[in-house]
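The values are calculated or read from the model by the stated rules, or taken from the named source; none is laboratory data. From a predicted model like this one, the values you see are computed outputs, not experimental measurements. Note: ideal-geometry Cβ built from the backbone for every residue, glycine included; neighbour counts use all protein chains shown. Only protein heavy atoms, including side chains, enter the accessible area calculation; ligands, DNA and RNA are left aside. Shrake-Rupley method; radii C 1.70, N 1.55, O 1.52, S 1.80 Å.
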Amino acid sequence: MAADLNAFVTEETIEGDADADGPLADATVAVKDNISTEGIRTTCGSEMLADYVPPYSATVVDRLTGAGATIVGKTNMDEFGMGTTTETSAFGPTRNPVDTDRVPGGSSGGSAAAVAAGEADVALGSDTGGSVRCPAAFCGVVGIKPTYGLVSRYGLIAYANSLEQIGPIAGTVEEAAAALDVIAGDDPNDGTTRDLSEVDGADPDASYAAAADGDVAGLTVGVPAELFDGADERVVETVETAIDDLEARGAETTDISLPSVEHAVQAYYVIAMAEASSNLARFDGVRYGRRSDADGNWNESFAETREEGFGAEVKRRILLGTYALSAGYHDKYYEKAQDARAWVRRDFEDAFEDVDVIASPTMPVLPFELGESLDDPLRMYLADANTTPVNLANLPAISVPAGEADGLPVGLQLVGPKFGEETIVRAASAVEKR
Amino acid sequence: MSDTAASDDGEDATAVDAEEVRHVADLARVRLADDEVDEFAAQFGDILEYFEALDEVPEVEREEELVNVMRPDEVESGLSQEEALANAEETEDGFFVGPKVS
């Protein structure tokens, strides 16, 4: 089964601490292949890092094995996290276990497919613009994108630092929340992590798993028209039914407006590409990674190494990011994107004055057929309309199965205020228990 | 390239030609095959046209509360030289070997 789905790039085991107890003590965990594992190759789905073996493990990996979980392998992904379908991997596409002619979503498609197919109890993904939530939605499982700063990125090979977080994928809300309990927490090796005892309104003793109690009585759910407009009708119907069920369980719903999100996809791609163009400059074939045999000078050798090592989508994003930061274009693209980001953040802050969570479809579309969107990058980018605003605003969000349309999974996205993970877990668990 | 950025030459403001793609690829140190250049030129035109909508975004006050995070300047253990060199394609006498500079 696993071979057919191509969910794993590398199947090797890291044993967990045998003396640990707790919810993850006997769990198997699949780890996205951009999260460093000491002694086990970590490829980022790229030819560039096909033979790269990290000398240390990411903080999240140490925390999982310390909690008794056993790592069972490294999962396939869009190259460097750049994609929405897991088709841009240098190791071939992953297939959706629900329908193997369709994509599992991306970029953490291998992680979601591994969980959906029963190859692992839990998986880690990384979410820069929806890369945990999209594959969770497409594969019919649960995925959490934590608040920026809740989970350490130490050992995560960077794509766009200011946007990304590592997050768990699991079959149930409670299992995903239990994994979040283990990986969350400040880390001296990641200066962007927060100590929750120093964050206003955050609960340093939060138990996310305990919040999965299905109790939504009195919870206010905001429903923004902007995140439903233009979505596939079958998706909208399925999500609206799930929201109606939340209402039936005691939640209140209210229509809200988030006008800024109309510009979120543009802002996201400009910022992510700009950061990528800088981050991926490190891949020069000298200290690590593939190196071309060319015997030209430094610059020629660099350029050839990168031509051979990177796939088309990665080149596209590096080039567009370089363009957006270049003289004469910086103000037009990058500065405006930062304005849009601040606007999105403010819109959500205003909305959370009145509501506890914000509900929408996770993805505006049903899972693509394999190959359907590969030649049309812009079409693929537009599928990220509902997930990217959350990364721009640094907020937590969860995708939980809302039901099926034409036999394909549909995800409901619930967004919470900063460090409001317990609230979104609680609301999502009610969707699951209905 | 930069001389056209601020100009207002109407419908072709976001058109990208092969020369521009080559220039950016050069800045980014990524060599491209000729067919890649043509494909990217067409796609970049569409994508940049879509990014044009950022023009409609109002100026927004950015009031992010950011603080520097420092640690005491104390020596900590790091990678050994052997570990640091383990992934390099070519090393010599404990050093990385890079391509020639000129």
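In whole Hz and in residue order, list the ³J(HN,Hα) couplings for segment A:382-396 that follow from phi through the Karplus curve 6.51 cos²θ - 1.76 cosθ + 1.60, θ = phi - 60°; x for Gly and Pro.
5, 5, 8, 4, 8, 8, 5, x, 5, 5, 4, 9, 6, 9, x
Can you list the HN-Hα couplings for segment A:74-90, worked out from phi with the Karplus curve (6.51, -1.76, 1.60; θ = phi - 60°), rounded to whole Hz and with x for Gly and Pro?
10, 9, 5, 7, 4, 3, 6, x, 9, x, 10, 9, 6, 9, 8, 5, 6
Give the lysines whose C-alpha is closer than 18 Å to that of A:K145, dropping any in the same chain fewer than 8 places away, or say none.
Reachable lysines: A:K32, A:K418.
Suppose R0 equals 45 Å. What FRET efficiency, 1/(1 + (r/R0)^6) with r the Cβ-Cβ distance, do A:A50 and B:R22 give to the nearest 0.05?
Efficiency for this residue pair is about 0.95.
Within chain A, which is the longest segment that contains none of the GluC sites (Glu not before Pro) sitting in a DSSP loop with at most 12 other Cβ atoms within 10 Å?
Looking at chain A, A:16-352 is the longest stretch - no exposed GluC sites (Glu not before Pro) with at most 12 other Cβ atoms within 10 Å.
Average partner chain C-beta neighbours within 10 Å, per residue of A:330-337?
4
Across peptide A:243-249, what mean number of C-beta atoms from other chains lies inside 10 Å of a residue's C-beta? Don't jump to the answer; show the numbers that get you there.
Working: counts 0, 0, 0, 0, 0, 0, 0.
Per residue, the average neighbour count from other chains is 0.
Nearest 10 degrees is fine. How inclined is helix B:34-51 to the longest principal axis of chain B, computing both from alpha carbons?
It works out to around 70 degrees.
When the helix-only estimate is applied to chain A (DSSP H runs of n ≥ 4, each -39,500 (n - 2.57), divided by the residue count), what is the mean residue ellipticity at 222 nm, nearest 500 deg cm²/dmol? Could you put the intermediate results ahead of the total?
Working: 13 runs with 136 residues, N = 434.
Taken over chain A, the calculation gives -9500 deg cm²/dmol.
Ignoring ligands, DNA and RNA, how much accessible area is buried between chains B and A, both sides summed, with a 1.4 Å probe, to the nearest 100 Å²? Working shown, then result.
Numbers: alone 10170 and 16180 Å², together 21270 Å².
Summing both sides, the interface buries roughly 5100 Å².
Quick one, could you list the DSSP H helices from chain A stretching 24 Å or more along their long axis (Cα atoms) with average Kyte-Doolittle hydropathy of -1.0 or above?
Helices meeting the criterion: none.
Which far-off residues, 5 or more places away or on another chain, put their amide H under 5 Å from the one on A:A405, with H placed in the peptide plane?
Amide H to amide H, under 5 Å and 5 or more residues apart or across chains, A:A405 pairs with A:V410.
So if I restrict to the alpha-carbon atoms in segment A:363-434, what is the Rg, and what is Dmax, the biggest pairwise distance, in Å?
In order Rg, Dmax, the Cα atoms of segment A:363-434 give 14.2, 40 Å.
Dipole size in debye (nearest 20) for chain A around its Cα centre, Lys and Arg Cβ +1, Asp and Glu Cβ -1?
Numbers: 30 positive and 75 negative charges, 213 e Å.
The dipole of chain A has a size of about 1020 debye.
May I ask you to derive the relative contact order of segment A:174-272, considering only C-alpha pairs under 8 Å and at least 6 residues apart, and to give it as an integer percent?
Taking the mean separation of contacting Cα pairs over the length of segment A:174-272, I get 27 percent.
With a Förster radius of 30 Å, plug the Cβ-Cβ distance of B:Q81 and A:S207 into 1/(1 + (r/R0)^6) and report the FRET value to the nearest 0.05.
Given R0 = 30 Å and the Cβ-Cβ separation, E is 0.10.
Which angle between 0 and 90 degrees, to the nearest 10, do you get for helix B:18-27 versus the longest principal axis of chain B when only C-alpha atoms count?
Value to nearest ten degrees: 20.
For A:R102, what residues show an amide H to amide H distance below 5 Å, using hydrogens built from the backbone and excluding near sequence neighbours?
Result for A:R102 returns A:N96, A:L370.
Would you please calculate the Kirkwood hydrodynamic radius of segment A:248-321 over all C-alpha pairs and express it in Å, rounded to one decimal?
15.3
Could you tell me the relative contact order of segment B:12-56? Use alpha-carbon pairs under 8 Å, at least six residues apart, and round to a whole percent. Spell out each step's value before the answer.
Details: 22 pairs, mean separation 23.3, N = 45.
Worked out over segment B:12-56, it gives 52 percent.
Starting from the Cα of B:E49, step 7 Å along the direction of its Cβ; do the same at A:D354; then give the gap between the two resulting points in nm.
3.7
Hey, quick one: spin label on B:V101, modelled 7 Å out along Cα-Cβ, who in segment A:298-323 has an amide N within reach, i.e. under 17 Å?
Within reach of a label on B:V101, which here means backbone N under 17 Å from a point 7 Å along Cα→Cβ, segment A:298-323 contributes A:298-302.
Testing the spin-label approximation: label points 7 Å from Cα along Cα→Cβ at A:A18 and A:N189. State their distance in nm.
2.5
Put a dot 7 Å past each Cα toward the Cβ at B:V37 and B:V69; how far apart are the dots in nm?
According to this spin-label approximation, the distance is 4.4 nm.
Antiparallel versus total DSSP beta bridges in the protein assembly as shown: what percent is that, nearest 5?
Restricted to the protein assembly as shown, the bridges split so that about 70 percent are antiparallel.
For segment B:36-94, rounded, prolate or oblate, judged on the Cα gyration tensor with a ≥ b ≥ c (square roots of eigenvalues), a/c < 1.5 rounded, else prolate if a/b > b/c?
Because a/c hits 1.5 or more and a/b fails to exceed b/c, segment B:36-94 counts as oblate.
Assuming a viscosity of 1.306 mPa s and a temperature of 10 °C, what translational diffusion coefficient in µm² per second does Stokes-Einstein assign to segment A:328-406, Rh being the Kirkwood radius over Cα pairs?
Value of D from the Cα-based Kirkwood radius: 105 µm²/s.
Only Lys, Arg, Asp and Glu count, each charged at its Cβ (+1, +1, -1, -1), so figure out the dipole size of segment B:12-56 about its Cα centre, rounded to 20 debye.
Roughly 360 debye for segment B:12-56.
State, as an integer percentage, the relative contact order of chain A based on alpha-carbon contacts under 8 Å between residues 6 or more apart. Mind dumping the intermediate values first?
On the way: 1143 pairs, mean separation 82.6, N = 434.
After rounding, I find 19 percent.
When the expected Rg is taken as 2.2 N^0.38 Å, what fraction or multiple of it is the alpha-carbon Rg of segment A:227-358?
In units of the globular-protein estimate, segment A:227-358 measures up at 1.55.
Expressed as a whole percent, how much of the Cα-Cα distance distribution for segment B:12-56 exceeds 14 Å?
Details: 490 of 990 pairs.
The answer is 49 percent, as a whole percent.
Whole angstrom only: what separates the Cα centroid of segment A:1-80 from the Cα centroid of segment A:289-321?
Their Cα centres are 27 Å away from one another.
Where the convex hull is taken over the Cα atoms of the protein assembly as shown, what is its projected area averaged over directions, in nm²?
Its Cα hull, projected and averaged over all orientations, spans 24.9 nm².
From the square roots a ≥ b ≥ c of the eigenvalues of the alpha-carbon gyration tensor of segment A:1-115, which class results: rounded (a/c under 1.5), prolate (a/b over b/c), or oblate?
oblate
Can you give me the long-range amide H partners of A:Y154? Hydrogens built in the peptide plane at 1.01 Å from N, cutoff under 5 Å, separation of 5 or more residues or another chain.
HN-HN under 5 Å from A:Y154: A:T59.
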